[in-house]
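The values are calculated or read from the model by the stated rules, or taken from the named source; none is laboratory data. Being a predicted model, the structure only gives us computed values, none of them experimental. We place every Cβ from the backbone using ideal geometry, glycine too, and count neighbours over all the protein chains shown.
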Amino acid sequence: MMKYLSKDLSLRLDEGLCIGCKLCAVVCPHGVFTIENQKAHIADRDACMECGACALNCPVNAIAVNSGVGCAEAIINGLLTGKETCCGGDDCCCAPKAS
Amino acid sequence: MNSPCSTQTCSLPDTDLGSAAGAAKLGRTASAWTLGDHLGAIGVRLNIGRMGYRVTPGLYALGAPGSDAPVLVTANYKLSFDHLRRALTGLNAWLLVLDTKGINVWCAAGKGTFGTDELVRKINECRLHERVTHRRLILPQLGAPGVAAHEVRRQTGFAVVYGSVYATDIAAFLQADLQATPAMRRIRFSWHERLAVAPLELVLYFKQLLLLGLALALLACVPTAGHFWSGFEHRGILVFLLFVLTGALASLLGPLLLPWLPTRAFSIKGACLGVALAVPGLWLAGPAWSVLRTTAWILLLAAGASHLLLKFTGSTTFTSPSGVRREVRVALPAQIAIGLAGLVAWTVAGFLPGW
């Protein structure tokens, strides 16, 4: 799998809080996490795309990530209008997550 | 909107479950695709009816599921639903279709419409507790950015199991007692997946491409104002065709060659592609072009292809918002500057034939 610009990645894991449920490793489609000795580790940080699946599914909030969609159109619209949507409409797939 | 009974084996009448919105239904479906399903699947890749391609949310019986049959959750984008039911050929299952406003699982999960709240709502609306005796839901792995498994269990008693990334692996996942191989957990974005999303880019930008091509063709004729149309016939048509063809080629080759274009930054990948794609045009028209026009051609294509690929970040499976934010900040001003420089050079070239 290709990798993207990783300098600003926001993914954080507090291994001390981890209870070893492995769900982060299950949901990540890029294999960012590995489980060793009943604890999650970030094995391939560069592959993170900040989708937020790991953080949302972590039952003890050991993971934090500023999640969103890596879509230039959404980011550019965000710069222009202050609202990150890609095609303007409510039905847009790239609109930011309703928190 | 499609009826929940979208295929021929419908023997039960649709039952309105009487939800607040009146939208959730109980229906039947089958695995086989009709001709209409095939045509629709091609159409949405070309932006034909893409935003209205949906099924009615609700609970669907695939085959003859009993109270112990697995429950698979999906989005109400018809392509998502169709791929799932086809992948379950020969199996009996319940399909719980969430109201994602016709958006696919992954994008809807990112937006939160394929999410914990909607899942809990549909479980209750469809009275899933009464229809199955087990308490387990199988969700597509790419739905995880919108769903907190522990929250769903707390609110409904249903345990969330994340299935494979691809619907085509779901039968094997079910057969293996809900165990996924590491490969089933990974997203691939292989060349055929990149090619499947590329035509949409071309369709979305084709009008701008035509307008820009026309503008360049007209600008190339300005200095021959006395014989404007003869200039257009000799030069303008060629410029127009070259630009539109090169642009169309870039929108297909960019996604296809993505892994092999240099650096991780999409804008640089695109700029390199643009410079490379300037060559055929120069080879065809170049001998008649001045140095200034040649330079303008290269600048315009570099800026255009760079912007095209920057926009393609939204169609890929591995770009992060933090990375795109960084790239947009640097690349967008550069693209505008290079594009404008190209446009100026292209225009001036007509007035300075010796350059």
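Below is a table of values for the structure above.
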{"item": "Complete set of residues in the stretch A:25-44 that are buried (at least 23 other Cβ atoms within 10 Å of the Cβ) and part of a helix (DSSP H, G or I)", "result": "A:27"}
{"item": "Tally of residues being closer than 16 Å to residue B:159 by Cα and charged (D, E, K, R) across the stretch B:49-77", "result": "1"}
{"item": "Residue in the stretch B:115-126 that is modelled with pLDDT of 95 or more and either in a loop (DSSP other than H, G, I, E, B) or not assigned by TED's automatic domain parsing to the domain that holds residue B:142 (or both) present", "result": "yes"}
{"item": "Residue match in the stretch B:254-263 (condition: outside any helix (DSSP H, G or I) and either on the phi > 0 side of the Ramachandran plot or surrounded by fewer than 16 Cβ atoms within 10 Å (Cβ to Cβ) (or both))", "result": "yes"}
{"item": "Residues that are out of contact with any strand residue (DSSP E or B) (no Cβ under 9 Å at 6 or more places or on another chain) and among the aromatic types (Phe, Trp, Tyr), drawn from the stretch B:105-160", "result": "B:106"}
{"item": "Restricting the stretch A:53-66 to residues that are facing another protein chain (nearest Cβ under 7 Å) and buried (at least 23 other Cβ atoms within 10 Å of the Cβ), the residue that is nearest to residue B:318 (Cα to Cα)", "result": "A:53"}
{"item": "Qualifying position, being surrounded by fewer than 23 Cβ atoms within 10 Å (Cβ to Cβ), among the charged types (D, E, K, R), more than 19 Å from residue A:53 (Cα to Cα) and in contact (Cβ under 8 Å) with a residue 12 or more places away in the chain, among B:85, B:135", "result": "B:135"}
{"item": "Residue tally, condition among the acidic types (Asp, Glu) and part of a loop (DSSP other than H, G, I, E, B), over the stretch B:140-187", "result": "1"}
{"item": "Any hit, the stretch B:154-173, residues being crowded, with 19+ Cβ neighbours inside 10 Å, within 28 Å of residue B:260 (Cβ to Cβ) and among the aliphatic types (A, V, I, L, M)", "result": "yes"}
{"item": "Complete set of residues in the stretch A:1-18 that are among the hydrophobic types (A, V, I, L, M, F, W, C) and away from chain B (no Cβ under 11 Å)", "result": "A:13, A:17, A:18"}
{"item": "Unique match (being away from chain A (no Cβ under 13 Å), surrounded by 18 or more Cβ atoms within 10 Å (Cβ to Cβ) and touching a His at 6+ places or on another chain (Cβ under 8 Å)) among B:304, B:339, B:247, B:236", "result": "B:339"}
